[in-house]
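*Asks:* The structure follows.
The values are calculated or read from the model by the stated rules, or taken from the named source; none is laboratory data. Every value quoted in this text rests on a predicted model; they were computed, and no experiment measured them. In this analysis, Cβ positions are derived from the backbone assuming ideal geometry, glycine residues included, and neighbour counts consider all displayed protein chains. Ligands, DNA and RNA are excluded from the accessible area calculation, which covers all protein heavy atoms including side chains. Shrake-Rupley method; radii C 1.70, N 1.55, O 1.52, S 1.80 Å.
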Amino acid sequence: MYYKRVGDVPRKRHTWHRDGGGRRLHEELMGEEGFSGSSSLLYHLNSPSALVDIEPAEVEHAALSANLPLSPWHFRASKLDPGGDLVTGRKLLLANDTIRISWAEATSTNELLYRNAAGDELVFVQSGEAVLESVFGVLPASAGDYVLIPSSTTHRWVIPDGSVQALVVEAAGHVSIPDRYLTATGQMREGAPFCERDLRPPELPVVVDQSEAGPGEPVPVLVRTRAGWSKHTHAHHPFDVVGWDGCNYPFVFSIHDFEPIVGRIHQPPPVHQTFAGPGFVVCSFVPRLYDFDPDAVKVPYHHANVDSDEVLFYSAGDFMSRRGSGIGSCSISLHPAGFVHGPQPGSVEAAAGESRTDETAVMIDTFSPLLISEAARSVSDPDYPASWSREL
């Protein structure tokens, strides 16, 4: 990420810095890859290490099983029960050692602050409005927004009204902008499908010098690690940051700001790549012009995922290549390695006279097989595997 500076930050790092009342501020370096990766330096009113209690946290673990016998799947995410917040209300659907893919239809603000120390999180907001409050500040998000939250960022999701539907990706590591979009100095290249102007970082810090329960009240934080869950109770509210600077922070990117790359004939899925994670990639499909060669086949050709499982979340629009399959908004398909998939019968001919697509979707390709949860199986379409055998 590019360098960002917010709030009260001294001229030199690791030097004495005081607030307006003369109180010494406490530095927190939040960095990746030890001290050699991207980092940010935060300035707290109080020590961020001051704990008054540590407890185990009880969090329900979803049962997962292998995709055997090997099959394509269609999950109707919107049929899952709504409720809870955007952390504890998640319904795990698919997972392997490097990624967890969940669905949430949250109706409440987090009761506890949350910190995922196992990896970055990428949240795609399908509907509704939410606000990410974190040690870095405030980030509003709405339908079509990706929200990238770096590992170990203490935060909570505020839902001011109604409910929020979201697809949640939890990585076992860091999620980043693909290297091929970046110059040697980290600037986004000309020709990349989005740029720094499209990324919305926090603009103002949230300065809390007491918990919402009252002055001096300790503040619990739910912490996820690869080993399990814990609850840390802090002596001071973690949102007591008066300023920060660096290159490691949460940001929002709207899928509607993704600039599609089109060609004379069909372009392969890597032109839609938006993010890269450990063992997976994330792509954005947005409305775009169809291929303009007179003989171009406008919908995707049949293809075999030799090295990856392909997950597609269908957000909005007319999914022409899937017409007749039962796919609609909030559908999630899984096409695993070993299965040859492509356009539904009749869709190639139906697209011949069209000039553009009208669809918005998020694709996640994983390079290890995905396990399937019982929640996902409970909202699956049993007729989906046979959908390629039916004519429109």
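*Asks:* What FRET efficiency do you get for Thr107 and Asp295 if R0 is 56 Å and r is their Cβ-Cβ distance, rounded to the nearest 0.05?
*Replies:* So the FRET efficiency works out to roughly 0.65.
*Asks:* Using per-residue counts of other Cβ atoms within 10 Å, averaged over each peptide, order 168-174, 355-361, 57-63 from highest down.
*Replies:* Highest to lowest by the protection proxy: 168-174, 355-361, 57-63.
*Asks:* Could you give the accessible area per residue of the range 108-225, probe 1.4 Å, as a whole number in Å²?
*Replies:* In whole numbers, the range 108-225 has 40 Å² accessible per residue.
*Asks:* Using the Cα centre of the chain as origin and beta-carbon charges of +1 (Lys, Arg) and -1 (Asp, Glu), tell me which of Ala104, Leu182, Phe124 is placed farthest towards the positive end of the dipole.
*Replies:* Selected residue: Leu182.
*Asks:* A follow-up question, please. Taking the Cα centroid of the range 325-377 and of the range 133-179, what is the distance between the two, rounded to the nearest whole Å?
*Replies:* That distance is 25 Å.
*Asks:* Translational diffusion coefficient of the range 229-318 at 37 °C, 0.692 mPa s, Stokes-Einstein with Kirkwood Rh over Cα pairs, in µm²/s as a whole number.
*Replies:* D, rounded to a whole number, is 187 µm²/s.
*Asks:* Show me, bin by bin at 5 Å from 0, the whole-percent P(r) of the range 24-103 based on Cα pairs.
*Replies:* 3, 9, 12, 13, 13, 14, 14, 10, 7, 4, 2, 0, 0
*Asks:* Let me know the whole percent of all Cα-Cα pairs from the chain that are separated by more than 42 Å.
*Replies:* 16 percent
*Asks:* Additional query: Under the rule of at least 5 residues apart or a separate chain, name every residue whose amide H is placed under 5 Å from the amide H of Leu182.
*Replies:* When sequence neighbours closer than 5 places are left aside, the close amide H contacts are Arg189.
*Asks:* Moving on. What does the range 83-230 give for Rg and for Dmax, in Å, if only its C-alpha atoms count?
*Replies:* Taking only Cα atoms of the range 83-230, I get Rg and Dmax of 16.2, 52 Å.
*Asks:* For the chain, what relative contact order do you get, as a whole percent, if you take Cα pairs closer than 8 Å and at least 6 residues apart?
*Replies:* Once normalised by length, the contact order is 21 percent.
*Asks:* For the charge dipole of the range 90-224, defined by +1 on Lys and Arg C-beta atoms and -1 on Asp and Glu C-beta atoms about the Cα centroid, which residue among Phe136, Ala95, Cys195 has the Cα displaced farthest towards the positive pole?
*Replies:* Ala95
*Asks:* With θ set to phi - 60° and the Karplus curve 6.51 cos²θ - 1.76 cosθ + 1.60, what are the ³J(HN,Hα) couplings of the range 189-197 in order, to the nearest whole Hz, using x for Gly and Pro?
*Replies:* Listing the rounded values in order: 6, 4, x, 5, x, 7, 9, 4, 5 Hz.
*Asks:* Using the heavy atoms of the protein chains alone and a 1.4 angstrom probe, what is the accessible area of the range 1-91 per residue in square angstrom?
*Replies:* 63 Å²
*Asks:* Out of the total accessible area of the chain (probe 1.4 Å, heavy atoms of protein only), what percent is carbon and sulfur?
*Replies:* 51 percent
*Asks:* To continue, here is another question. Could you size up the charge dipole of the range 1-126 around its Cα centre, putting +1 on the beta carbon of Lys and Arg and -1 on that of Asp and Glu, and report it in debye to the nearest 20?
*Replies:* Using only the charged Cβ atoms, the result is roughly 640 debye.
*Asks:* Ok, one more. Between Glu203 and Leu29, what FRET efficiency follows from the Cβ-Cβ distance if R0 is 25 Å, with the result rounded to 0.05?
*Replies:* 0.70
*Asks:* Charges only on Cβ, +1 for Lys and Arg, -1 for Asp and Glu: so what's the dipole of the chain about the Cα centre, in debye to the nearest 20?
*Replies:* 540 debye
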